[in-house]
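One structure below.
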Amino acid sequence: MQRNRTVRPATIQDANVLAELINYAGEGMPLYLWGQMAEPGEAAWDVGCRRAAREEGGFSYRNATIIEHDGQCAGCLIGYEIPDNPEPIPDDLPAMFVPLQELENLAPSTWYINVLAVRPQFRNQGLGMKLLASAEETAQGLGKRGMSVIVSDANLGAHRLYERFGYNERARRLMVKENWENEGQSWVLLTKIAEWQKGEAE
């Protein structure tokens, strides 16, 4: 049966489901960090929803693209450009983020997929690949030379998805977990040379 799939900009009404999807993509790290940021009497999920509802910030709904499946919010994409000459890592960057930032800095001039997630009940229906195609359209429009993403070495499903889309492993860094629980041991940078750049090279 033909399903109706729509890709659209997120709205502030999507904040709650965006928090859920951001946590899926972040392997549970966002929920751990939100718990540390919570005010007295505030739940970790409330922090995530509040941050997704902001008008600014990396996880703001304004930076998110939603994919709907039969009228329901099924997944999201959040990304940004990595500059041609990334800034040095600041000394005061929290230790958990250092390996992630080191890997990002190894992929200059790419469009970085910060969040790509599909809710469990909508998985295995090609929605992740549709979001990836949308990411590449954005990167091509910006003239980026490729794509980049970071995943846990334990997330085999994500590895398979990106490999099917032409991504290859570029580098790894050991995770800094503190009290965050995760099966992975390393963050893995996957990159892809853009097809439109290959054509120009030829």
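Computed quantities for the displayed model
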{"read-out": "Identity of the residue in the stretch 1-56, β-branched (Val, Ile, Thr) and under 19 Å from LYS130 (Cα atoms), that ends up surrounded by the fewest Cβ atoms within 10 Å (Cβ to Cβ)", "value": "THR6"}
{"read-out": "Long-range neighbours under 9 Å by Cβ, at least six apart or interchain, first residue at negative phi and acidic (Asp, Glu) within the stretch 167-178, second surrounded by 14 or more Cβ atoms within 10 Å (Cβ to Cβ) and in a strand (DSSP E or B)", "value": "GLU169/VAL188; GLU169/LEU189; GLU169/LEU190; GLU169/THR191"}
{"read-out": "Among the candidates ARG51, ARG119, residue that is under 25 Å from GLY157 (Cα atoms), touching a helix residue (DSSP H, G or I) at 6+ places or on another chain (Cβ under 8 Å) and basic (Lys, Arg)", "value": "ARG119"}
{"read-out": "Any strands (runs of 3 or more DSSP E) falling wholly within the stretch 100-202 and containing at least 3 residues that are among the aliphatic types (A, V, I, L, M)", "value": "110-118, 146-152, 186-193"}
{"read-out": "Count - residues of the stretch 84-110 that are open to solvent by 20 Å² or more (accessible area, probe 1.4 Å) and either of a type outside the set (D, E, K, R) or touching a residue at least 24 places away in the same chain (Cβ under 8 Å) (or both)", "value": "18"}
{"read-out": "Boolean, ALA43 is small (Gly, Ala, Ser) and touching a residue at least 12 places away in the same chain (Cβ under 8 Å)", "value": "no"}
{"read-out": "Conditions (1) surrounded by 15 or more Cβ atoms within 10 Å (Cβ to Cβ); (2) farther than 25 Å from ALA194 by Cα; (3) out of contact with any Asp or Glu (no Cβ under 8 Å at 6 or more places or on another chain); number of the one not met by LEU127", "value": "(2)"}
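The values are calculated or read from the model by the stated rules, or taken from the named source; none is laboratory data. In this text the structure is predicted, and so the values were computed from the model without any measurement. All Cβ positions, glycine included, derive from the backbone under ideal geometry; neighbour counts span all protein chains shown. Heavy atoms of the whole protein, side chains included, go into the accessibility calculation; ligands, DNA and RNA do not. Shrake-Rupley method; radii C 1.70, N 1.55, O 1.52, S 1.80 Å.
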